[in-house]
Amino acid sequence: MKGLLGIESLDRSEIEAILDRSRAFQARDNHKDILRSRMVVNLFFEASTRTRTSFEIAARRLGAEAVSISASTSSVSKGESLVDTLNTLNAMRPDAIVMRHAASGAPHFLARHLTETPIVNAGDGTHEHPTQALLDARTILDRGMRLEGLRVAIIGDISHSRVARSNVYLLSKFGSSIVLCGPAPLVPPELTALAPGVEIAHDMREAIRHADVIMMLRVQLERQHEPAFPAGEYFQFYGLRLEHLELAKPHAIVMHPGPINRGREISSEVADSQRSAILNQVENGIAVRMAVLERILSAQREVRSI
Ligand code: NCD
């Protein structure tokens, strides 16, 4: 595996290998020899707390050095072009670059430009967020479910969500069915073409009925150009409340990539309930990112030693 740009191009066995390996990293053993003296640069052109921190912790737990650069504190805000920023960084010889960018396809551009350095996509515009889908899959497995044959309801602002797209790609590769649900302007009908087994619903109760997994998404106001729905009205129609959980399967879990907006897309009672796997997702983010970094950096070592 050269880098990790998206889930779409991965095959099932690669996904399974990462998920299996991440189990070993769930225990806080000492793994510092694995990437000792390697350097991972986190290049974040968009606001992020949990993803950036999670990648930093993952790199450090493997013994690598982690350097984080955010756009507002870098020369990008002084007008440096993306290519110049990347060339400058690359001259410092990082072993891998983790990148988040508001433009869909930005990490792919970087990967074409820096062919020697593995790139990990930490979220590109409305396109993909591969490590999020992997950590979500790890969390589903940890709750005793298989990835095959699930009914997964993804509810909220689907059109702007890279988390939804990466999850659709991953879950459909295992033959699960996915219902995308939200107000019509936020769930364009062409999304059914993303993968086999994708349906659309605008009625939240219909989407949740018999679901094994309910994934809630934030309304991404920063990516919307249309006027936003009033928060109260949105919550009335698309906010997850305890009463909805009765419609799902008895073992169903609730997930959310965060940041959560209590009272907007999810009630506090649900977010803090036993059904909620939200903090397990955050915890698994580290183990899954360790598995990804190990995989791409050991592949790189093999290539260099030839
Ligand atoms: C998501 C993202 O940035 O794509 N969050 C995350 O990575 N934990 C979803 C979001 O911002 O709503």
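Each value in this text was obtained by applying a stated rule to the coordinates, not by laboratory testing. None of these values were measured; they are calculated from a predicted model. As a convention, Cβ positions derive from the backbone with ideal geometry for all residues, glycine included, and neighbour counts pool all protein chains shown.
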**Report entry** Dipole magnitude of the chain, debye to nearest 20 (Cβ charges: Lys/Arg +1, Asp/Glu -1, about Cα centre)
**Finding:** 800
**Report entry** Under Karplus coefficients 6.51, -1.76 and 1.60, residue-wise ³J(HN,Hα) of segment 280-288 in Hz, glycine/proline x
**Finding:** 5, 4, 4, 4, 5, x, 5, 4, 5
**Report entry** the chain - Rg and Dmax from Cα coordinates, angstrom
**Finding:** 19.1, 60
Query - the chain: relative contact order in percent, alpha carbon pairs under 8 Å with at least 6 residues between - result: 21
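State, as an integer percentage, the relative contact order of segment 66-127 based on alpha-carbon contacts under 8 Å between residues 6 or more apart.
Value for segment 66-127: 30 percent.
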Query raised in the report: Where nothing but the Cβ of Lys and Arg (+1) and of Asp and Glu (-1) is charged, how large is the charge dipole of segment 144-276 around its Cα centre, in debye to the nearest 20?
Result: 360
Query raised in the report: So what is the 222 nm mean residue ellipticity for the chain from helices alone, if each DSSP H run of at least 4 adds -39500 (n - 2.57) and you divide by all residues, rounding to the nearest 500 deg cm²/dmol?
Result: -11500 deg cm²/dmol
Report summary line: Per the C-alpha gyration tensor (a ≥ b ≥ c, the square roots of its eigenvalues), segment 144-276 is rounded if a/c is under 1.5, else prolate if a/b beats b/c, else oblate; here it's oblate
Query raised in the report: Long-range amide H contacts for V98: which residues qualify at under 5 Å (H placed 1.01 Å from N, peptide plane, sequence gap of 5 or more or a different chain)?
Result: V41, N42, L43, V120
Query raised in the report: Relative contact order (percent) for segment 144-276, with alpha-carbon contacts under 8 angstrom and 6 or more residues of separation?
Result: 25
